[in-house]
Amino acid sequence: MRPKRIGILTSGGDAPGMNAAIRAAVRTAIHYQIKIFGFKHGYNGVINGDIIELKRNSVANTIQRGGTILGTARSTEFKTDPGMAKAKKTLKKHKIDALIVIGGDGSMKGAHEFTKKYRIKIIGLPGTIDNDLFGTDFTIGFDTAINSALEAVDKIRDTASSLERLFFIEVMGRYAGFIGLAVGLAGGAEDVLIPETPTDINGLAKQINRNIKKGKKSNIVIVSEGDEAGNAFIIGEKIKAILDEDYRVAVLGYIQRGGSPSASDRILASKLGYAAVYGLKKDMHGCMVGEINKKIVYTPFEKTYSRKKKIDPDIYTIIKILAE
Ligand code: ATP
(Lines give C-alpha, C1' and ligand atoms only; values in the text may rest on other atoms or scores of the structure.)
Protein backbone atom coordinates (compact mmCIF):
# COMPACT_ATOMS: atom_id res chain seq x y z
CA MET A 1 0.00 0.00 0.00
CA ARG A 2 1.22 3.48 -0.85
CA PRO A 3 2.57 5.26 2.27
CA LYS A 4 1.01 8.54 3.39
CA ARG A 5 3.63 9.70 5.87
CA ILE A 6 7.34 8.86 5.44
CA GLY A 7 10.17 9.42 7.90
CA ILE A 8 13.78 10.00 6.84
CA LEU A 9 17.04 9.89 8.81
CA THR A 10 20.81 9.84 8.35
CA SER A 11 22.82 7.38 10.44
CA GLY A 12 26.44 6.36 11.12
CA GLY A 13 29.26 8.54 9.78
CA ASP A 14 28.24 11.60 7.78
CA ALA A 15 29.04 11.67 4.07
CA PRO A 16 28.96 14.45 1.46
CA GLY A 17 25.81 14.10 -0.62
CA MET A 18 23.54 13.04 2.24
CA ASN A 19 21.79 16.42 1.98
CA ALA A 20 21.30 16.00 -1.76
CA ALA A 21 19.67 12.62 -1.02
CA ILE A 22 17.39 14.12 1.64
CA ARG A 23 16.46 16.93 -0.74
CA ALA A 24 15.61 14.49 -3.53
CA ALA A 25 13.48 12.31 -1.23
CA VAL A 26 11.64 15.32 0.18
CA ARG A 27 10.89 16.84 -3.20
CA THR A 28 9.82 13.48 -4.67
CA ALA A 29 7.54 12.74 -1.71
CA ILE A 30 5.91 16.15 -2.02
CA HIS A 31 5.49 15.59 -5.76
CA TYR A 32 3.55 12.38 -5.00
CA GLN A 33 1.56 14.08 -2.22
CA ILE A 34 3.23 12.06 0.51
CA LYS A 35 4.09 13.87 3.76
CA ILE A 36 7.72 13.50 4.83
CA PHE A 37 9.30 14.01 8.26
CA GLY A 38 12.95 14.20 9.27
CA PHE A 39 14.28 12.43 12.38
CA LYS A 40 17.27 14.16 13.95
CA HIS A 41 20.54 12.35 14.86
CA GLY A 42 19.98 8.96 13.30
CA TYR A 43 18.01 6.28 15.11
CA ASN A 44 18.22 8.35 18.32
CA GLY A 45 15.72 10.77 16.80
CA VAL A 46 13.26 7.95 16.22
CA ILE A 47 13.72 6.71 19.80
CA ASN A 48 13.29 10.18 21.31
CA GLY A 49 10.63 11.51 18.95
CA ASP A 50 12.94 14.23 17.63
CA ILE A 51 10.93 14.85 14.48
CA ILE A 52 10.24 17.76 12.11
CA GLU A 53 8.06 17.97 9.05
CA LEU A 54 10.11 18.64 5.95
CA LYS A 55 8.63 21.00 3.40
CA ARG A 56 9.88 22.00 -0.01
CA ASN A 57 11.74 24.94 1.51
CA SER A 58 13.28 22.90 4.33
CA VAL A 59 15.72 21.48 1.80
CA ALA A 60 16.25 24.62 -0.29
CA ASN A 61 19.91 25.55 -0.75
CA THR A 62 21.17 22.22 0.64
CA ILE A 63 22.19 20.24 -2.47
CA GLN A 64 25.72 21.69 -2.31
CA ARG A 65 26.23 21.39 1.43
CA GLY A 66 28.41 18.72 3.07
CA GLY A 67 27.43 16.89 6.25
CA THR A 68 23.75 16.32 6.96
CA ILE A 69 21.10 18.86 7.91
CA LEU A 70 19.37 16.18 10.00
CA GLY A 71 22.49 15.40 12.02
CA THR A 72 23.69 11.83 12.42
CA ALA A 73 24.64 9.53 15.28
CA ARG A 74 25.75 6.07 16.25
CA SER A 75 22.88 4.96 18.47
CA THR A 76 23.71 2.22 20.94
CA GLU A 77 20.18 2.40 22.38
CA PHE A 78 18.67 1.36 19.05
CA LYS A 79 20.57 -1.92 19.32
CA THR A 80 18.61 -2.77 22.49
CA ASP A 81 15.06 -4.18 22.67
CA PRO A 82 13.70 -1.27 24.78
CA GLY A 83 15.34 1.25 22.40
CA MET A 84 13.77 -0.33 19.36
CA ALA A 85 10.40 -0.57 21.12
CA LYS A 86 10.54 3.19 21.83
CA ALA A 87 11.35 3.84 18.19
CA LYS A 88 8.35 1.78 17.12
CA LYS A 89 6.15 3.78 19.53
CA THR A 90 7.32 7.07 18.02
CA LEU A 91 6.41 5.88 14.52
CA LYS A 92 2.96 4.86 15.73
CA LYS A 93 2.41 8.15 17.54
CA HIS A 94 3.22 10.18 14.43
CA LYS A 95 1.51 7.73 12.06
CA ILE A 96 4.72 7.21 10.08
CA ASP A 97 4.11 4.25 7.79
CA ALA A 98 7.51 3.98 6.10
CA LEU A 99 11.12 5.03 6.69
CA ILE A 100 14.09 6.01 4.56
CA VAL A 101 17.47 5.33 6.20
CA ILE A 102 20.62 6.86 4.74
CA GLY A 103 23.87 5.37 6.06
CA GLY A 104 26.50 2.65 5.89
CA ASP A 105 26.41 -1.11 6.48
CA GLY A 106 25.68 -0.72 10.22
CA SER A 107 22.68 1.47 9.42
CA MET A 108 21.38 -1.11 6.91
CA LYS A 109 21.77 -3.83 9.56
CA GLY A 110 19.83 -1.69 12.04
CA ALA A 111 17.11 -1.11 9.45
CA HIS A 112 16.90 -4.84 8.78
CA GLU A 113 16.60 -5.68 12.50
CA PHE A 114 13.84 -3.06 12.88
CA THR A 115 11.98 -4.46 9.88
CA LYS A 116 12.26 -8.05 11.12
CA LYS A 117 11.05 -7.17 14.60
CA TYR A 118 8.20 -4.77 13.86
CA ARG A 119 7.49 -5.17 10.13
CA ILE A 120 8.36 -1.53 9.53
CA LYS A 121 8.58 -0.65 5.83
CA ILE A 122 12.09 0.68 5.23
CA ILE A 123 14.17 1.52 2.20
CA GLY A 124 17.88 2.19 2.71
CA LEU A 125 20.22 4.51 0.83
CA PRO A 126 23.99 3.88 0.74
CA GLY A 127 25.51 6.97 2.40
CA THR A 128 29.12 6.41 3.46
CA ILE A 129 32.49 7.53 2.16
CA ASP A 130 33.82 3.96 2.47
CA ASN A 131 32.06 2.52 -0.63
CA ASP A 132 31.89 -0.84 1.14
CA LEU A 133 28.21 -1.63 0.66
CA PHE A 134 27.17 -4.55 -1.49
CA GLY A 135 24.33 -3.60 -3.87
CA THR A 136 25.70 -0.44 -5.42
CA ASP A 137 28.75 0.36 -7.54
CA PHE A 138 29.33 3.54 -5.52
CA THR A 139 28.07 4.89 -2.23
CA ILE A 140 27.04 8.50 -1.74
CA GLY A 141 30.09 10.42 -0.48
CA PHE A 142 32.83 8.17 -1.89
CA ASP A 143 33.58 10.32 -4.94
CA THR A 144 33.87 13.52 -2.90
CA ALA A 145 36.07 11.78 -0.32
CA ILE A 146 38.54 10.50 -2.91
CA ASN A 147 38.67 13.90 -4.60
CA SER A 148 39.40 15.59 -1.27
CA ALA A 149 42.11 13.04 -0.49
CA LEU A 150 43.55 13.47 -3.96
CA GLU A 151 43.88 17.22 -3.56
CA ALA A 152 45.95 16.60 -0.43
CA VAL A 153 48.05 13.90 -2.12
CA ASP A 154 48.86 16.24 -5.02
CA LYS A 155 50.05 18.91 -2.58
CA ILE A 156 52.13 16.43 -0.62
CA ARG A 157 53.68 15.22 -3.89
CA ASP A 158 54.97 18.75 -4.56
CA THR A 159 56.88 18.77 -1.31
CA ALA A 160 57.81 15.08 -1.53
CA SER A 161 59.49 15.56 -4.90
CA SER A 162 61.17 18.85 -3.94
CA LEU A 163 62.74 17.32 -0.85
CA GLU A 164 63.11 13.85 -2.44
CA ARG A 165 61.29 12.26 0.45
CA LEU A 166 59.46 9.07 1.19
CA PHE A 167 55.86 9.73 2.30
CA PHE A 168 53.28 7.44 3.85
CA ILE A 169 49.83 8.97 3.42
CA GLU A 170 47.07 7.46 5.50
CA VAL A 171 43.54 7.51 4.14
CA MET A 172 40.26 6.37 5.69
CA GLY A 173 39.15 2.74 5.41
CA ARG A 174 39.08 0.67 8.59
CA TYR A 175 37.81 -2.44 6.86
CA ALA A 176 37.85 -1.61 3.16
CA GLY A 177 40.47 -0.39 0.72
CA PHE A 178 38.23 1.32 -1.86
CA ILE A 179 39.38 4.82 -0.90
CA GLY A 180 43.02 3.70 -0.78
CA LEU A 181 42.94 2.05 -4.20
CA ALA A 182 41.14 4.92 -5.93
CA VAL A 183 43.42 7.55 -4.39
CA GLY A 184 46.50 5.43 -5.13
CA LEU A 185 45.63 5.07 -8.80
CA ALA A 186 44.50 8.65 -9.35
CA GLY A 187 47.36 10.07 -7.25
CA GLY A 188 50.13 8.13 -8.98
CA ALA A 189 51.23 6.40 -5.79
CA GLU A 190 54.15 3.98 -5.75
CA ASP A 191 52.17 1.49 -3.68
CA VAL A 192 48.88 1.09 -1.81
CA LEU A 193 48.36 -0.93 1.36
CA ILE A 194 44.78 -2.05 1.96
CA PRO A 195 43.05 -4.35 4.47
CA GLU A 196 41.86 -6.81 1.80
CA THR A 197 45.34 -7.92 0.70
CA PRO A 198 48.33 -9.10 2.76
CA THR A 199 51.07 -6.49 3.14
CA ASP A 200 54.59 -7.62 2.34
CA ILE A 201 56.84 -5.20 4.27
CA ASN A 202 60.09 -6.68 2.93
CA GLY A 203 58.79 -6.50 -0.63
CA LEU A 204 57.73 -2.88 -0.09
CA ALA A 205 61.16 -2.02 1.33
CA LYS A 206 62.87 -3.61 -1.69
CA GLN A 207 60.64 -1.69 -4.07
CA ILE A 208 61.28 1.64 -2.33
CA ASN A 209 65.00 0.92 -2.41
CA ARG A 210 64.84 0.20 -6.15
CA ASN A 211 62.89 3.42 -6.70
CA ILE A 212 65.47 5.47 -4.81
CA LYS A 213 68.35 3.86 -6.77
CA LYS A 214 66.49 4.54 -10.02
CA GLY A 215 66.43 8.21 -9.06
CA LYS A 216 62.69 8.59 -8.37
CA LYS A 217 62.23 11.96 -6.79
CA SER A 218 59.28 11.06 -4.65
CA ASN A 219 57.96 7.87 -3.19
CA ILE A 220 54.36 8.01 -2.08
CA VAL A 221 52.74 5.03 -0.39
CA ILE A 222 49.01 5.20 0.38
CA VAL A 223 48.06 3.35 3.56
CA SER A 224 44.44 2.48 4.44
CA GLU A 225 43.99 3.13 8.15
CA GLY A 226 42.86 -0.46 8.68
CA ASP A 227 45.78 -2.19 6.94
CA GLU A 228 46.62 -5.36 8.86
CA ALA A 229 50.35 -4.47 8.99
CA GLY A 230 49.59 -1.24 10.88
CA ASN A 231 48.81 2.42 10.31
CA ALA A 232 51.06 4.80 8.37
CA PHE A 233 53.32 5.52 11.39
CA ILE A 234 53.85 1.83 12.09
CA ILE A 235 54.53 1.03 8.43
CA GLY A 236 56.99 3.94 8.26
CA GLU A 237 58.90 2.60 11.27
CA LYS A 238 58.95 -0.93 9.84
CA ILE A 239 60.40 0.34 6.57
CA LYS A 240 62.96 2.51 8.38
CA ALA A 241 64.08 -0.51 10.39
CA ILE A 242 64.94 -2.25 7.10
CA LEU A 243 66.14 0.59 4.89
CA ASP A 244 67.26 3.28 7.35
CA GLU A 245 65.48 5.73 5.06
CA ASP A 246 64.04 8.98 6.42
CA TYR A 247 60.29 9.30 5.90
CA ARG A 248 57.28 11.51 6.63
CA VAL A 249 53.70 10.64 7.49
CA ALA A 250 50.51 12.53 6.61
CA VAL A 251 47.21 11.37 8.07
CA LEU A 252 44.40 12.88 6.02
CA GLY A 253 41.66 12.09 8.57
CA TYR A 254 38.40 13.96 8.67
CA ILE A 255 39.04 16.26 5.72
CA GLN A 256 37.97 13.25 3.64
CA ARG A 257 34.50 13.41 5.19
CA GLY A 258 33.73 17.08 4.73
CA GLY A 259 33.19 19.51 1.91
CA SER A 260 30.70 20.22 -0.80
CA PRO A 261 29.65 17.03 -2.62
CA SER A 262 31.11 16.43 -6.08
CA ALA A 263 28.91 16.43 -9.19
CA SER A 264 28.92 12.60 -9.22
CA ASP A 265 27.80 12.39 -5.60
CA ARG A 266 25.02 14.95 -6.13
CA ILE A 267 23.78 13.08 -9.20
CA LEU A 268 23.88 9.69 -7.45
CA ALA A 269 22.21 11.07 -4.31
CA SER A 270 19.47 12.76 -6.35
CA LYS A 271 18.74 9.58 -8.33
CA LEU A 272 18.71 7.37 -5.24
CA GLY A 273 16.67 9.81 -3.13
CA TYR A 274 14.07 9.83 -5.90
CA ALA A 275 14.23 6.04 -6.31
CA ALA A 276 13.73 5.47 -2.57
CA VAL A 277 10.40 7.31 -2.52
CA TYR A 278 9.38 5.83 -5.86
CA GLY A 279 10.13 2.35 -4.47
CA LEU A 280 8.06 2.93 -1.33
CA LYS A 281 5.21 4.20 -3.47
CA LYS A 282 5.34 0.89 -5.36
CA ASP A 283 5.30 -0.96 -2.01
CA MET A 284 8.95 -1.99 -2.17
CA HIS A 285 10.75 -2.18 1.18
CA GLY A 286 13.19 -4.27 3.20
CA CYS A 287 15.90 -3.31 0.74
CA MET A 288 18.55 -0.75 -0.15
CA VAL A 289 18.42 1.22 -3.38
CA GLY A 290 21.68 1.48 -5.27
CA GLU A 291 23.06 1.92 -8.76
CA ILE A 292 24.81 -0.88 -10.64
CA ASN A 293 26.01 -0.38 -14.21
CA LYS A 294 24.02 2.89 -14.33
CA LYS A 295 20.78 1.06 -13.46
CA ILE A 296 18.77 1.53 -10.27
CA VAL A 297 18.64 -1.71 -8.27
CA TYR A 298 16.96 -2.72 -5.01
CA THR A 299 18.97 -5.20 -2.92
CA PRO A 300 17.54 -6.98 0.16
CA PHE A 301 19.01 -5.51 3.36
CA GLU A 302 20.68 -8.71 4.44
CA LYS A 303 22.82 -8.93 1.32
CA THR A 304 24.05 -5.32 1.64
CA TYR A 305 25.91 -5.94 4.88
CA SER A 306 26.54 -9.69 4.89
CA ARG A 307 28.07 -9.93 1.42
CA LYS A 308 31.46 -8.35 1.02
CA LYS A 309 31.87 -6.04 -1.92
CA LYS A 310 35.05 -7.08 -3.69
CA ILE A 311 37.84 -4.73 -4.61
CA ASP A 312 38.99 -4.80 -8.21
CA PRO A 313 42.41 -6.55 -8.19
CA ASP A 314 43.17 -5.10 -11.63
CA ILE A 315 43.42 -1.62 -10.10
CA TYR A 316 46.23 -2.83 -7.86
CA THR A 317 48.05 -4.36 -10.83
CA ILE A 318 47.69 -1.13 -12.80
CA ILE A 319 49.07 0.96 -9.89
CA LYS A 320 52.14 -1.28 -9.72
CA ILE A 321 52.77 -1.24 -13.46
CA LEU A 322 52.35 2.52 -13.73
CA ALA A 323 54.71 3.09 -10.81
CA GLU A 324 57.58 1.04 -12.34
P1 ATP B 1 29.78 4.25 8.36
O2 ATP B 1 30.00 3.30 7.22
O3 ATP B 1 29.93 5.66 7.96
O4 ATP B 1 30.55 3.87 9.61
P5 ATP B 1 27.47 2.88 9.41
O6 ATP B 1 26.03 3.00 9.07
O7 ATP B 1 28.13 1.58 9.05
O8 ATP B 1 28.20 4.11 8.76
P9 ATP B 1 27.49 2.19 12.23
O10 ATP B 1 27.93 2.96 13.43
O11 ATP B 1 28.11 0.85 12.01
O12 ATP B 1 27.66 3.15 10.98
O13 ATP B 1 25.90 1.96 12.32
C14 ATP B 1 25.04 3.07 12.46
C15 ATP B 1 23.96 2.77 13.45
O16 ATP B 1 23.11 1.71 12.98
C17 ATP B 1 24.41 2.28 14.81
O18 ATP B 1 24.91 3.30 15.63
C19 ATP B 1 23.11 1.69 15.36
O20 ATP B 1 22.26 2.70 15.80
C21 ATP B 1 22.52 1.06 14.11
N22 ATP B 1 22.82 -0.38 14.10
C23 ATP B 1 23.93 -1.00 13.66
N24 ATP B 1 23.85 -2.33 13.85
C25 ATP B 1 22.66 -2.56 14.45
C26 ATP B 1 21.96 -3.72 14.93
N27 ATP B 1 22.50 -4.93 14.83
N28 ATP B 1 20.73 -3.54 15.48
C29 ATP B 1 20.18 -2.34 15.58
N30 ATP B 1 20.78 -1.20 15.15
C31 ATP B 1 21.99 -1.30 14.62
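The values are calculated or read from the model by the stated rules, or taken from the named source; none is laboratory data. Predicted model only: the values in this text are computed from it and were never measured. Quick reminder, even Gly has a Cβ in these numbers, built from the backbone with ideal geometry, and neighbours come from all protein chains shown. For the accessible areas, the whole protein counts, side chains as well, though only heavy atoms, and no ligand, DNA or RNA atoms are used. Shrake-Rupley method; radii C 1.70, N 1.55, O 1.52, S 1.80 Å.
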- Task: Take the alpha-carbon centre of segment 182-210, take the same for segment 12-51, and report the distance between them in whole Å.
- Result: 40
- Item | Net +/- balance of residues flanking Leu243 in space, Cβ distance below 15 Å, scoring K and R +1, D and E -1 | +1
- Query: Mean separation of Cα pairs under 8 Å and 6+ residues apart, divided by the residue count of segment 131-201: what relative contact order is that in percent?
  - Reply: 28
- Which whole-number percent gives the relative contact order of the chain, counting Cα pairs below 8 Å spaced six or more residues apart? 24
- Given backbone amide H placed at 1.01 Å from N, residues whose amide H is under 5 Å from that of Gly124, ignoring those fewer than 5 places away on the same chain, are Val101, Cys287, Met288, Val289
- With no solvent and one equal point scatterer placed on each C-alpha of segment 142-257, evaluate the Debye formula and give log10 I(q)/I(0) for q = 0.10, 0.11, 0.15, 0.17 Å⁻¹, two decimals. -0.25, -0.30, -0.57, -0.74
- Note on the structure: Summing +1 per Lys or Arg and -1 per Asp or Glu among the other residues with Cβ less than 13 Å from Asp81's Cβ gives +4
- Looking at the chain, what % of its DSSP beta bridges pair antiparallel, to the nearest 5? 20
- Ranked by accessible surface with a 1.4 Å probe, highest first, in what order do Leu150, Leu322, Leu91 come? Leu322, Leu150, Leu91
- Message: Which order do the peptides 191-198, 178-185, 41-48 come out in when sorted by mean C-beta neighbours inside 10 angstrom, highest first?
- Response: 178-185, 41-48, 191-198
- Item | Whichever aspartates and glutamates have a C-alpha closer than 13 Å to that of Lys35, once near sequence neighbours (fewer than 8 apart) are set aside | Glu53, Asp97
- Note on the structure: Surpassing 29 Å at the alpha-carbon level, of the pairs Lys4/Lys86; Lys109/Lys294; Lys95/Lys310; Lys79/Lys303; Lys92/Lys309, are Lys95/Lys310; Lys92/Lys309
- Take every Cα-Cα distance within the chain, group them into 10 Å bins from 0 onward, and report for each bin the whole-number percent of pairs it holds. 6, 27, 29, 18, 13, 6, 1, 0
